[in-house]
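Visitor: First the structure, then my questions, so here it is.
The values are calculated or read from the model by the stated rules, or taken from the named source; none is laboratory data. If you're wondering where the values come from, they're calculated on a predicted model, not measured in any experiment. Quick note on the areas: whole protein, heavy atoms, side chains included, nothing else; ligands and nucleic acids left out. Shrake-Rupley method; radii C 1.70, N 1.55, O 1.52, S 1.80 Å.
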Amino acid sequence: MSAIQDGVPQEPSEAKKNVRPSWDEYFMEIAALVATRSTCRRRSVGAILVRDKRILATGYNGAPSGLAHCLDIGCLREDLNVASGQRHELCRGIHAEQNAIIQAAFHGFSIRGATLYCTHLPCAICTKMLINAGIERIYYRNGYADDLSLTMLKEAGIQILQIPAMNYHRNFA
């Protein structure tokens, strides 16, 4: 019983039952929303860390707090034609996964045993951080040009699952 009509509780229609996202789809959609805050000129990435169906921390890719955004001053990697997944040290930005880990630490939240929902598969650098932070599962939407990350995640026994974008329209009226 979820709706009330003329003071009488009503069963939701089958159509409404079918558009309600699963928990994994729900958290992935939130990660996609977090990605809209990205200040990277190349790609927008969002990440959230979840445990027991509760969001612990979020992160998006961009310059460290207080520094100029790449959207405003340009991208060194673009200027040097650096390929995706290569030469991460030539980027002033922090990856979404790194920012989520930092936010959890900054606010004193343990993320051991958490699940990462990320718009993109983590790179090898983020993968090493996620393994050492005790992340148990990673759900992602888009791949990333870094085969080493998949190899390490599998070796570490971390569950990996790709979740495609949801294609639905929900009328909230």
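Visitor: Within the chain, what percent of beta bridges assigned by DSSP are antiparallel, to the nearest 5?
Guide: Roughly 60 percent of the DSSP beta bridges within the chain come out antiparallel.
Visitor: Under the rule of at least 5 residues apart or a separate chain, name every residue whose amide H is placed under 5 Å from the amide H of residue 46.
Guide: The answer is 35, 119, 120.
Visitor: GNM on the chain, C-alpha springs below 10 Å: top fluctuator among 32, 100, 145?
Guide: 145
Visitor: Kindly report the accessible area of the chain per residue (heavy atoms of protein chains, probe 1.4 Å, no ligands, DNA or RNA), in Å².
Guide: With the other protein chains kept in place, the chain gives 61 Å² per residue.
Visitor: Measure off, as a whole percent, the carbon and sulfur share of the 1.4 Å-probe accessible area of the chain, all protein chains present.
Guide: Values: 5350 of 10540 Å².
Looking at the chain in its full context, I get 51 percent from C and S.
Visitor: If you build the convex hull over the alpha carbons only and average its shadow over all orientations, what do you get for the stretch 20-173? Give it in nm² to one decimal.
Guide: 10.2 nm²
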